[in-house]
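Engineer: Here's a structure for you.
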Amino acid sequence: MSDLVNVTIDGVQISVPKGTPIIEAAKQAGVLVPHYCYHPSLPSPAVCRMCLVEVEKAPKLVPACVTTVADGNVIHVNNDKSKRARESVLEFLLINHPLDCPICDQAGECELQDYTFQEGRAGTRYGDYAKRYNPVEDFGPDVLYVANRCILCTRCVRFMDNVAGDAVLNVSERGDRAFIGIDPDHKLDHPWAGNVVDLCPVGSLISKDFLHKARAWDLDKTASVCTGCTQGCNTMIDTRDDVVVRLRPRPNLDVNRHFICDEGRSDYRWMNRGDRIEAPLVREGGKLTPTDWTQALDRLGAAVKAARRVVILASGRASTESLGFVRRMVDGASVTAAIKVPLGAEAPLAGVPNLALRKERVPNLAGASLAGYGTDWSAALAAAKGADLVVVLDADLDDADVAALSGAAAVAVIGTVDDDRLAGSALILPATNMAEENGTYVNRDHRVQRYFQAKPAPGMARPAWWIAAEATHAARGLAAPATAADAFAALGAMIPALAGLTYSDLGHTGRVVTPNAAGAAR
Amino acid sequence: MGYPHPPHPKETVVLSKYFGDAEARTFDGWVKRGGYEALKKALGMTPDAIIEELKASGLRGRGGAGFPTGLKWSFMPKNDGKPHYLVCNADESEPGTFKDREIMRWTPHQLIEGCAIGAYAIGAETCYIYIRGEFTEPWKVMTAAVAEAYAKGALGGNVFGSGKRIDIVLHRGAGAYICGEETAMMNSIEGKRGNPRIKPPFPAQAGLFGMPTTINNVETLSSTSHILTRGAAWYKGLCLSNPKSTGTKLFSVCGHVMRPGNYELTMGFPMKDLIHDLAGGMRPGRRLKAVIPGGSSVPIMTAAEAEAALCDYEGIVEKGSMLGSAGFIVMDDSTDMVYEIWRLAKFYAHESCAQCTQCREGTAWTTKILERILRGQGKKEDLDLLLDLSDQMTGRTICVLSDSCAAPIVSGIKKFPEEFEAYLSRAKAPALAAV
Ligand SMILES: Cc1cc2nc3c(=O)[nH]c(=O)nc-3n(C[C@H](O)[C@H](O)[C@H](O)COP(=O)(O)O)c2cc1C
Ligand code: SF4
Ligand code: SF4
Ligand code: FES
């Protein structure tokens, strides 16, 4: 094992591959080296000098972010010498900092605040000099630059240069007059530019969309997956009092590294819609009437049992679980099932291989295809004419789609948003949206990824897989899963590619499966 | 010679022999004075033989750090199939230093010849000469000389019929001191912001445009032709003290002396004689107070230290400072040390490239504290604070600009504490207007 070196970091002995930077080796030893300019998805310029650590026998403190481990290194991250150096960097960073934490969006998730609390000086020695002042700059569609808070770590500049390949940001001026400048002929409007807000370790680059919306410590965070396209970037849904207020990237080195695109980032308002279907509605004497789940499920069961020709019009945002169970519900009939796939321009992130905002703007195209759904929407609409039953699974219908429904004998809606145009349906059943349920999506590379419930469902809404499974139970006596985990485990029987997989196999970063002919042909 | 003064008998004129001699600027004039013989000789030698000759001569870098030149050249990879580059550092922005300027003004072909020798020895076909932006006259002289050298076959695709290609590209700086730091210079030549790079990788592995690169000072490269024509043994013999410091060196002397200028001395020459004899000593009625011998980036020497020091790399270290670029800033007893130190700190604060936290914020903060002291508003804890900040600014950053700012402050407070005390105790009237 000559490729491994043995090092001791704060007394912990570990073996790491040759060439590992000290900062990453320390992570593996369970030691955090405080840092600002270093970011695992960016080149390291070693400018902030926050990560200086003592390596025994080295003449000077070394920057842990760019110094690689050597066999036998004894490294001290938390001894007096290293701490004193960090304390000093913090002091230097703070002399020109406005300390406007009470009105700063970053407060509570600010690395300057955190490290200062952890190991900075209690008071200032700067005295009564004026601090550096630069006005707030509007950098682009969603980004403001609050220069006074900037610590010049250059993460934003490097992201735009080295990752986005759109070098619109720069360091302007020298000495303590330096600030981040923007090319006067350009805006920070690259389709992935919003990542600079997450990368900024302080509150210098902030999102206009999130401006003064919530304090970081009031947010609840839920692991999720972006619904914007087939890439399946991992996200974090931030909620405040059960309202989604922000989406941020969640690291997944195999899918999106540390990034999400601006379109995905801003695509959350629908999760908070208030105009929701809240109770099951069944047609009673020609009128839609609220009822309980028992009666509603019996009605749905009876409808599918009686139907010979069925069409499913589904949303590509539906979970694999829901798509699978809704499809199983109509087993035995002649079925045309399709999802609607809106298209848009592809927008790659140049510096990360295989990462792009994809043309197909739905998250679960691959999951739908595994579950037996096609993408020929007009064929499905044509099939609706003369069908015994059309099941609408939360699909986003335009007026032409709605008109096509009139050719069917009956329409059953499993949906989220109240839609007057569907008032002629036989059944309208309230479903959860993705932020209100646990589920999985399958991305374009057949990575099956979990998302978690971020907020409660309104009224009587239930996950669509539950509705379909219970109706199937009512119609055909098949056992219905009680939880999303059970539902996923049962999908293997419908989608061979998922056979044997459980939620715990997927972890937080998903699992790539091999789509086989059996799964796709169904 | 001590141009603009006639040479002093105690000088050893090698590099400066033709300073002030306008004919030496032309190609023919330079050839008439024995020029380009060294280059022709070099082209008949193997690169290794040249490097060995330089190693034997003991020549060390004249840009500040004093790194052995032959050894530096030997770090360049051999037969790696990549383009190599030589960069000549003619950015000379170190306060108090003006020797490279005179080399370029009067003996441009001396530098061109040295560059060509260096390029050949390290396997480079291209040499960039990075000339300080403010050097308008040297720029003109160098531009004309390079054109002439091409016309006469000393540069270009077939140097003196050897079949070797050597090109020289003149690159004009835009007025940033930091671009004199070698890795910042490479960025600047590449068209990027002149920020120093982290090492490793070292320039010999990945330098200009990512290719193996050697960077040398104007004076270093200019010395090579003389070593090749007169021999390493001759050069090594030019030594009055420590055998690790050989050859002649141009000393720029400025400040409170009667005859400021460049003086070319054999290494190991007594500093006392340089200041009091060659440079003409103090003005009448004035006494020597302090010397900063290495440009402004080294510790300040007291009069006693300076007068006891020998002018070479080791001799000045022994007396508490460093040779640096050998730009001597001489100060007599009329000097307000606090004011001078403030002025230097202000220079570094202005020139910091702003990458490293300690340097960006530390140089500016330090300047503000010194300013406050000069305004008569200093606090008694200010000296400890200055020393503490300097401590944190030393050995912590990508390049040594930060350390350079700290050096005069630490030595100044240590060696001239009473001058600081005078301001702090309000015994002395403020030197700057209070705000
Ligand atoms: C801030 C800074 C400024 C420098 N400025 C110069 C300069 O103006 N001229 C120079 O020759 N070297 C300068 N140097 C030194 C160069 O980095 C480098 O060491 C030198 O050019 C190497 O040449 P030499 O080996 O021939 O001395 C500077 C170094 C630093 C850190
Ligand atoms: S704006 Fe933020 S990311 Fe950019 S340099 Fe300043 S602190 Fe760093
Ligand atoms: S020490 Fe100063 S000048 Fe040198 S790289 Fe750092 S910030 Fe720039
Ligand atoms: S994190 Fe290492 S220098 Fe910034």
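Engineer: Debye calculation, C-alpha points only, no solvent: report log10 I(q)/I(0) for the stretch A:80-201 at q = 0.10, 0.14 Å⁻¹, in the same order as the q values.
Structural biologist: -0.34, -0.66
Engineer: Please compute the Kirkwood hydrodynamic radius of the stretch B:1-142 from all pairs of different C-alpha atoms, in Å with one decimal.
Structural biologist: Numbers: mean 1/r = 0.0613 Å⁻¹.
This gives a value of 16.3 Å.
Engineer: Moving on. Given contacts defined as C-alpha pairs under 8 Å and at least six residues apart, what's the relative contact order of the stretch A:455-522, whole-number percent? Please report the intermediate quantities before stating the final value.
Structural biologist: On the way: 45 pairs, mean separation 13.3, N = 68.
That works out to 20 percent.
Engineer: On average, how much accessible surface per residue is there in the protein assembly as shown, in Å², for a 1.4 Å probe, leaving out ligands, DNA and RNA?
Structural biologist: On the way: 35920 Å² over 957 residues.
In whole numbers, the protein assembly as shown has 38 Å² accessible per residue.
Engineer: Right, something else. Please list the three semi-axes, largest first and in whole Å, of the ellipsoid equivalent to the stretch B:53-92, using sqrt of 5 times the eigenvalues of its alpha carbon gyration tensor.
Structural biologist: Working: eigenvalues 83, 49, 9 Å².
Its equivalent ellipsoid spans semi-axes of 20, 16, 7 Å.
Engineer: I'd like the distance separating the alpha-carbon centroids of the stretch B:378-435 and the stretch B:207-254, in whole Å.
Structural biologist: 35 Å
Engineer: Another question about this same structure. Taking every Cα atom in the stretch B:202-337, find the radius of gyration and the maximum pairwise distance Dmax, and write them in Å.
Structural biologist: Just the Cα atoms of the stretch B:202-337 yield Rg and Dmax of 16.7, 56 Å.
Engineer: May I pose another question? How large, in Å, is the protein assembly as shown by the Kirkwood hydrodynamic radius built from its alpha-carbon pairs?
Structural biologist: Taking every pair of different Cα atoms in the protein assembly as shown, averaging 1/r and inverting gives 32.9 Å.
Engineer: I've got another one for you. What residues qualify as long-range amide H neighbours of B:Arg197, i.e. H under 5 Å apart, gap of 5 or more or another chain, H built at 1.01 Å from N?
Structural biologist: Result for B:Arg197 returns B:Thr183, B:Ala184.
Engineer: Ok, one more. What does the convex hull of the Cα atoms come to per residue for the stretch A:128-272, in Å³? It would help to have the intermediate numbers written out before the result.
Structural biologist: On the way: hull volume 18.4 nm³, N = 145.
Per residue, the Cα convex hull of the stretch A:128-272 comes to 127 Å³.
Engineer: For the stretch B:400-415, what does the Karplus curve 6.51 cos²θ - 1.76 cosθ + 1.60, with θ = phi - 60°, yield as ³J(HN,Hα) per residue in whole Hz, taken in order and with x for Gly and Pro?
Structural biologist: 9, 4, 4, 4, 5, 5, 6, 4, x, 5, 4, 5, x, 5, 5, 8
Engineer: Using square roots of five times the C-alpha gyration tensor eigenvalues, list the equivalent-ellipsoid semi-axes of the stretch A:4-92 in whole Å, biggest first. Walk me through the numbers before you get to the answer.
Structural biologist: On the way: eigenvalues 74, 46, 23 Å².
Value: 19, 15, 11 Å, ordered largest first.
Engineer: Another question about this same structure. With both partners inside chain A, how many of the DSSP beta bridges are antiparallel, as a percent to the nearest 5?
Structural biologist: Numbers: 50 of 73 bridges.
Of the beta bridges lying entirely in chain A, close to 70 percent run antiparallel.
Engineer: Just to be sure I understand: if I project the alpha-carbon convex hull of the stretch A:281-512 onto a plane and average over all orientations, what area do I get in nm²? Let's see the in-between values first.
Structural biologist: On the way: hull surface 50.9 nm².
Taking the Cα atoms of the stretch A:281-512, their convex hull projects to 12.7 nm² on average.
Engineer: Moving to a separate point now. Across the Cα atoms of the stretch A:265-388, what radius of gyration and what greatest pairwise Cα-Cα distance (Dmax) are found, in Å?
Structural biologist: My reading of the Cα-based Rg and Dmax gives 17.9, 61 Å.
Engineer: Something else now. Please give every one of the aspartates and glutamates within straight-line cross-link reach of A:Lys221, meaning a C-alpha to C-alpha distance under 12 Å, and leave out same-chain neighbours fewer than 8 residues apart.
Structural biologist: A:Asp238, A:Asp241, A:Asp242
Engineer: Given a cut-off of 19 Å, what percent of all Cα-Cα pairs of the stretch A:344-435 lie beyond it? Walk me through the intermediate numbers first.
Structural biologist: Values: 2201 of 4186 pairs.
It works out to 53 percent of all Cα pairs.
Engineer: A further question on this structure: Give the average over all directions of the projected area of the C-alpha convex hull of chain A, one decimal, in nm². Mind dumping the intermediate values first?
Structural biologist: Details: hull surface 111.5 nm².
Projected area, direction-averaged: 27.9 nm².
Engineer: For chain B, which semi-axes, largest first and in whole Å, follow from the square roots of 5 times the eigenvalues of its Cα gyration tensor? Show your work: numbers first, answer last.
Structural biologist: On the way: eigenvalues 294, 121, 66 Å².
One finds semi-axes of 38, 25, 18 Å for chain B.
Engineer: Over 19 Å between Cα atoms: which of B:Lys78/B:Lys236; B:Lys40/B:Lys164; A:Lys18/B:Lys72; B:Lys346/B:Lys368; B:Lys289/B:Lys415; A:Lys57/B:Lys55 fall into that group?
Structural biologist: Details: B:Lys78/B:Lys236 27 Å; B:Lys40/B:Lys164 11 Å; A:Lys18/B:Lys72 28 Å; B:Lys346/B:Lys368 9 Å; B:Lys289/B:Lys415 11 Å; A:Lys57/B:Lys55 30 Å.
From the list (B:Lys78/B:Lys236; B:Lys40/B:Lys164; A:Lys18/B:Lys72; B:Lys346/B:Lys368; B:Lys289/B:Lys415; A:Lys57/B:Lys55), the Cα-Cα distance tops 19 Å for B:Lys78/B:Lys236; A:Lys18/B:Lys72; A:Lys57/B:Lys55.
Engineer: Let me ask something additional. Nearest 100 Å², what total accessible surface is buried between chain A and chain B (probe 1.4 Å)? Don't skip to the end; give the middle numbers.
Structural biologist: Numbers: alone 21970 and 16720 Å², together 35920 Å².
That pair hides around 2800 Å² of surface in total.
Engineer: Continuing with this model, one more query. Output the residues of the stretch B:343-371 meeting this criterion: accessible area (heavy atoms, 1.4 Å probe) in the chain alone minus accessible area with all protein chains in place is 30 Å² or greater.
Structural biologist: Flagged in the stretch B:343-371: B:His350, B:Ala354, B:Gln355, B:Thr357, B:Gln358, B:Arg360, B:Glu361, B:Trp365, B:Lys368.
Engineer: So which residues of the stretch A:172-198 lose at least 20 Å² of accessible area, probe 1.4 Å, when you go from the chain by itself to every protein chain present?
Structural biologist: A:Arg174, A:Gly175, A:Asp176, A:Arg177
Engineer: Binning at 5 Å from 0, report for the stretch A:223-321 what percent of all alpha-carbon pair distances ends up in each bin.
Structural biologist: Cα pair-distance distribution for the stretch A:223-321, in percent: 2, 10, 14, 15, 15, 10, 11, 11, 8, 3, 1, 0.
Engineer: Relative to the longest principal axis of chain B, what angle (0 to 90°, nearest 10) does the C-alpha long axis of helix B:136-151 take?
Structural biologist: 10 degrees
The values are calculated or read from the model by the stated rules, or taken from the named source; none is laboratory data. For clarity, every value in this text was computed on a predicted model and none was experimentally measured. All accessible areas refer to the heavy atoms of the entire protein, side chains included, with ligands and DNA or RNA removed. Shrake-Rupley method; radii C 1.70, N 1.55, O 1.52, S 1.80 Å.
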